[in-house]
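Everything on this sheet refers to the single structure shown next.
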Amino acid sequence: MTLNILTLNDVPLYGKRVLIREDFNVAIEDGKVINDMRIRAALPGIQQALAAGAQVLLMSHLGRPEAGIYQEKFSLKPVAARLEELLQHSVSFFSKLQPIPKTCSLALYENVRFLVGETENSPALAQEMANLCDIFVMDAFGSAHRAHASTVGVAEFAPIAVAGPLLMQEVTALDRIMRHPQHPLLTIVGGAKISGKIQTLHSLITISDTLLIGGGMANTFLAAQGFNVGASLYEPDQVPRAIELLKLAQQHSCDIILPQDVVINEGINKPVAAVTSTEQILDIGIKTSAAFAALIQHAKTILWNGPLGVFADPRYAAGTKKIAQAVAESSAYSVVGGGETITALEQFNYADAMSYISTGGGAFLEYLEGNSLPAIKVLTKKNES
Ligand code: ADP
Ligand code: MG
């Protein structure tokens, strides 16, 4: 581990008030948590602190409510209920930032995004959070790219600030790809658009041996190569960027592989060159997914973000499914991130076959850009001072 930060293992926890920033930004329907992957991922840190005899306080955001206005659909109450089931331990729910009573061992605060000053990283709010604890633990990898009061400010003001086990696990998994991958390193990037992923693509091209591109973003690259992408989703204003990225790949000996055939409306498979102006490209074609799968077989390290087609519609799911299967069957070290990519893996029952699934969406992509995330930077600074 190259990071110069303290972790939960480095500090005495007995009798301490330990405030953990979690990423409990989970899907909730009718007052019930419907996907608890992020809650389960947070359990080791909570259990470690409880077992060591700490009083444990948890905080998180959920969705994007307007600050200062309570809305039940953004309440973390259903998360407290799910936590109680998973931990078999009672969880007090605090609607305000109150101090933890002596008799309480585990509590969850209400959504920090209801608090005025959270997203602005208000020093007053950060200080108020820091006052609640003896030790602050950052374990919300999925929120580590945000410089908010509950992720960065509180770490500055808390007497001690350390990284939790989930944050360390995420960083270790991503560093295994970014810093010391076994080659060939193969990257798969899909999803709707390239615009939000330019920096990530830039960084991935410099480290990958092969880059497979699918999804809507492939259309912009195909357009950059002069193909007619018809009525497909694509970003004309990003074509110059796509051309630059193709050049960059040549300089770095990274093979960018684009679809040779595609699935268009009604599930018809055809070569890219045959797409007409009224047609939409909605998935990678059969030849393409076979070629991608063959390359995946030879990789030693695999990184994947973004579905290769509109997988929510069964007519356009085959490409993503075939790639998921190929990664699942490969013996390479594989890391997958991105909300919809993980949904696809779960849908096809391949999630357990990946080496590591990141809990971060935006944070995952930003980490891959090669920049240190603000919530990690502040922990480093803390350790140096
Ligand atoms: P993630 O959430 O895993 O980071 P993205 O948000 O980048 O992934 O992209 C997922 C979206 O991309 C999905 O909604 C999917 O329908 C869409 N998508 C994939 N391929 C295409 C395509 N060919 N045309 C339009 N949208 C696509
Ligand atoms: Mg998404």
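The values are calculated or read from the model by the stated rules, or taken from the named source; none is laboratory data. Being a predicted model, the structure only gives us computed values, none of them experimental. In this analysis, Cβ positions are derived from the backbone assuming ideal geometry, glycine residues included, and neighbour counts consider all displayed protein chains. Surface accessibility is based on the protein's heavy atoms, side chains included, excluding ligands, DNA and RNA. Shrake-Rupley method; radii C 1.70, N 1.55, O 1.52, S 1.80 Å.
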Whole-angstrom Cα spans of the chain along principal axes, big to small: 71, 44, 37
Listed residue pairs exceeding 23 Å between alpha carbons, taken from 73/96; 193/321; 247/321; 16/96; 270/322; 300/381: 247/321; 300/381
Charged-residue dipole, Cβ positions (Lys, Arg, Asp, Glu), region 181-354 about Cα centre, Debye nearest 20: 220
Residue 377 paired with residue 312, simple spin-label distance in nm, labels 7 Å along Cα-to-beta-carbon: 3.4
Label point distance in nm, residue 179-residue 66, each placed 7 Å from Cα along Cα→Cβ: 4.4
Charge dipole magnitude, Cβ of K and R +1, D and E -1 - the chain, Cα centre, debye nearest 20: 380
Amide H partners (placed H, <5 Å) of residue 255, local residues excluded: 210, 211
Sites residue 228 and residue 97 - FRET efficiency at Förster radius 45 Å, r taken between beta-carbons, to 0.05: 0.20
For residue 257, net neighbour charge (Lys/Arg +1, Asp/Glu -1) across residues whose Cβ lies under 14 Å away: -2
Ellipsoid semi-axes in whole angstrom, largest first, where each is sqrt(5λ) of the Cα gyration tensor of region 138-224: 32, 18, 9
Gain upon complete extension [residue 4, residue 47; 0.36 nm per residue less C-alpha separation]: 13.1 nm
Backbone N within region 255-284 under 19 Å of label point (7 Å from residue 195 Cα along the Cβ vector): 281
Fraction of antiparallel bridges per DSSP, region 250-376 only, in percent to nearest 5: 50
Region 1-91: GluC sites (Glu not before Pro) in DSSP coil with no more than 13 other Cβ atoms inside 10 Å: 66
Anisotropy class of region 181-354 from Cα gyration tensor, a/c 1.5 cut: oblate
Net lengthening on full extension, residue 202/residue 260 (0.36 nm per residue, minus Cα-Cα): 18.6 nm
Size descriptor, Kirkwood hydrodynamic radius, that averages inverse alpha-carbon separations across region 244-302, Å: 13.0
Sites residue 147 and residue 274, calculated FRET efficiency, Cβ-Cβ separation with R0 51 Å, nearest 0.05: 0.60
FRET efficiency estimate (nearest 0.05) - Cβ-Cβ, residue 32 to residue 104, R0 25 angstrom: 0.50
Mean accessible surface per residue for the chain, computed with a 1.4 Å probe while every protein chain stays in place, in Å²: 43
Rounded to the nearest 20 debye, dipole of region 1-149 from Cβ charges on Lys, Arg, Asp, Glu: 140
